[in-house]
Amino acid sequence: MNYKEAVEYLYDIPKFTKKAPLKQTEDYFALLGIDTMMQKPKIIHVAGTNGKGSVCAYIEAMLRADGKETGLFTSPHLVKPEERIRINGAMISEEEFTACFEEAYHAAKKMESDGQGHPTFFSFILAMGMLAFIKNKVEYIVLETGLGGRLDGTNVFAHPCLTVITSIGLDHTEYLGTTREEIAAEKAGIIKAGVPVVFVEDKVTAPVIRACAEEMGSFCQSVDKSAVKIIKKNRKGIDFSFGNRYDDTVIWHVPFAAEYQIENAMLAISAMEVLFAEDGKQLPKSFRDALARTTWEGRMEEIADGIYLDGGHNLPGIEALLSGMDTFADSWTGKKMLLFSAVKEKNYRDMAHKLIDGFHPDVIIFTEIPGERKVPLNELMALMCKKNDHDEHADCGNYEPEDADEPNGPEVFGCEDVADAYEFAKMIKRDEDLLLCTGSLYLVGAIKALEMEAPEGDR
């Protein structure tokens, strides 16, 4: 198959069916020889509700700064599936992607013919990633879980060198549990006997993680947001220090305006301390430089002047986005604009209301993501406004908010097509205005694809 055919085949694999048992993934990897070839690379396994991708990106950047050969596997992707598989910071090529696909494909077909069933989308592309890492002889693999931890396909690797658990909130409750404690127990399922674990200090979830680590005889290192000192903050990033095992005078920098990235950076720094720091010694300056240069697409990413994309796609993610948002948003002298969409299985009502109450947009534009998981535009509009009789959804018509009598109520618009909604937002945006696009990773991916397709002069 060529690259296009490989991608089409991947997307045809059912992605939202009942999760396959880990045994199927183990058998699949054994058929490919991954189980034996994976003994040499050191694996850093990262789970959590939000922040996993950013933490993985920070860790991988610092490993490269230390001269290590790295593989990075993350999910989901925003535009192209090869975004999930990176060697030394770079996406694998379409040619290498296709070669790994062919190998994974033939093994999947053999499993299917043997009556073992076809591997899931996630197991298939995870296998592709492991094949790429093996062929490139990486020293470290930074591995992000897909869904959960205990039963996640990435949990087939029994001997990581470190596990990391990011912040935990209520998401995927139909699979992981209805309380944060239950979800924490699922995420803590990545902890292995004697393997250190780094996690967020949280009064609800930390006791669960500590209990699991104690049972497994694993060293614990937690990071506490209350230990952070923000030194300087602007639109381009944040300087901060935090009380860690060694010092609280070292200043770190993240090139993001979102304060939630501080916690993600703290986790990554603590992970490096557990792996590399000698007692009483600070991490090298090269790690600070690497952190300051790290980028991660779709997380408060500025794609044009005053236009930001954030992949907050659940309520905890939106709450994290809004933390410290006031200072950032107030640095614009014009209007605050919100472009929002969501998938139907998320708590999109509370997500939208949190954004409206916390971001205080002057303009709101609702749109639909493509596909069966979309929230229909009329349901999004119904969250806060009523349709004018003369307007049609497809025309970015103006809608009358329920609080239209209030002088400070936002202007509300609706447009079914993401491309039309984004073009409309850019058309009405002035230089002094801030446009925030959030609510779904699918929305972020669609907008990024539009920017990639646009002529250079229009970006």
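The values are calculated or read from the model by the stated rules, or taken from the named source; none is laboratory data. None of the values given here were measured: they were computed from a predicted structure. Using ideal geometry, Cβ is built from the backbone for each residue, glycine included, and neighbour counts are taken over all protein chains shown. Only protein heavy atoms, including side chains, enter the accessible area calculation; ligands, DNA and RNA are left aside. Shrake-Rupley method; radii C 1.70, N 1.55, O 1.52, S 1.80 Å.
Restricting the first residue to segment 191-216 and requiring it to be within 10 Å of Thr163 (Cα to Cα), which pairs with a second residue that is among the aliphatic types (A, V, I, L, M) and open to solvent by 40 Å² or more (accessible area, probe 1.4 Å) meet a Cβ separation below 7 Å and a spacing of at least six or different chains?
Going by the 7 Å Cβ cut-off, the qualifying pairs are Ile191/Met216; Lys192/Ala158; Lys192/Met216.
Among the residues of segment 70-87, is there at least one that is modelled with pLDDT of 90 or more, over 18 Å from the mean Cα position of the chain (by Cα), β-branched (Val, Ile, Thr) and surrounded by fewer than 22 Cβ atoms within 10 Å (Cβ to Cβ)?
Looking through segment 70-87, at least one residue is modelled with pLDDT of 90 or more, over 18 Å from the mean Cα position of the chain (by Cα), β-branched (Val, Ile, Thr) and surrounded by fewer than 22 Cβ atoms within 10 Å (Cβ to Cβ).
Which of the residues that make up segment 248-265 are under 20 Å from Leu315 (Cβ atoms) and of a type in the set (Phe, Trp, Tyr)?
The answer is Tyr260, and nothing else.
Please determine whether any residue of segment 242-259 is assigned to a loop (DSSP other than H, G, I, E, B), within 25 Å of Arg299 (Cβ to Cβ), out of contact with any Asp or Glu (no Cβ under 7 Å at 6 or more places or on another chain) and of a type in the set (Phe, Trp, Tyr).
yes
Which is among the hydroxyl-bearing types (Ser, Thr, Tyr) and out of contact with any helix residue (DSSP H, G or I) (no Cβ under 9 Å at 6 or more places or on another chain), of Ser222, Ser218, Ser226, Ser167?
It is Ser226.
Any idea which residue in segment 362-383 is surrounded by the fewest Cβ atoms within 10 Å (Cβ to Cβ), counting only those that are in a loop (DSSP other than H, G, I, E, B) and free of Cβ contacts under 8 Å to residues at least 40 places away in the same chain?
This residue is Glu372.
Consider Ala108 carefully, then state whether it is of a type in the set (Gly, Ala, Ser), within 19 Å of Lys4 (Cβ to Cβ), more than 20 Å from the chain's Cα centre (by Cα) and at pLDDT below 95.
Spelling it out, Ala108 is indeed of a type in the set (Gly, Ala, Ser), within 19 Å of Lys4 (Cβ to Cβ), more than 20 Å from the chain's Cα centre (by Cα) and at pLDDT below 95.
Going through segment 285-323 one residue at a time, which ones are more than 20 Å from Gly445 (Cα to Cα) and acidic (Asp, Glu)?
Across segment 285-323, the qualifying residues are Asp289, Glu319.
Restricting to segment 433-459, what's the tally of residues that are modelled with pLDDT under 95 and more than 14 Å from Phe340 (Cα to Cα)?
12
Within segment 94-116, can one find any residue that is open to solvent by 20 Å² or more (accessible area, probe 1.4 Å), closer than 16 Å to Ala20 by Cα and not charged (D, E, K, R)?
Within segment 94-116, one or more residues are open to solvent by 20 Å² or more (accessible area, probe 1.4 Å), closer than 16 Å to Ala20 by Cα and not charged (D, E, K, R).
Would you say Asp279 is at pLDDT below 95 and within 17 Å of Ala227 (Cα to Cα)?
It is false that Asp279 is at pLDDT below 95 and within 17 Å of Ala227 (Cα to Cα).
Can Glu96 be described as more than 20 Å from Asn155 (Cβ to Cβ) and either assigned to a loop (DSSP other than H, G, I, E, B) or at pLDDT 95 or above (or both)?
Considered against the rule, which asks whether it is more than 20 Å from Asn155 (Cβ to Cβ) and either assigned to a loop (DSSP other than H, G, I, E, B) or at pLDDT 95 or above (or both), Glu96 comes out as yes.
Does Ile59 qualify as being open to solvent by 10 Å² or more (accessible area, probe 1.4 Å), out of contact with any Cys (no Cβ under 7 Å at 6 or more places or on another chain), of a type in the set (Val, Ile, Thr) and at pLDDT 95 or above?
In short, no.
Can you pull out every residue in segment 320-342 that is at pLDDT 90 or above and either out of contact with any Gly (no Cβ under 7 Å at 6 or more places or on another chain) or charged (D, E, K, R) (or both)?
Thr333, Gly334, Lys335, Lys336, Met337, Leu338, Leu339, listed by residue number.
Considering only residues that are of a type in the set (Gly, Ala, Ser) and touching a residue at least 40 places away in the same chain (Cβ under 8 Å), which ones fall in segment 161-187?
Ser167, Gly169 - these are the residues of segment 161-187 that are of a type in the set (Gly, Ala, Ser) and touching a residue at least 40 places away in the same chain (Cβ under 8 Å).
Evaluate the following for Leu147: is it in contact (Cβ under 8 Å) with a residue 60 or more places away in the chain and touching a Lys or Arg at 6+ places or on another chain (Cβ under 7 Å)?
Considered against the rule, which asks whether it is in contact (Cβ under 8 Å) with a residue 60 or more places away in the chain and touching a Lys or Arg at 6+ places or on another chain (Cβ under 7 Å), Leu147 comes out as no.
Only one of Asp35, Asp27 is modelled with pLDDT under 90, assigned to a helix (DSSP H, G or I) and open to solvent by 10 Å² or more (accessible area, probe 1.4 Å). Can you tell me which?
None of the other options fit; the residue is Asp35.
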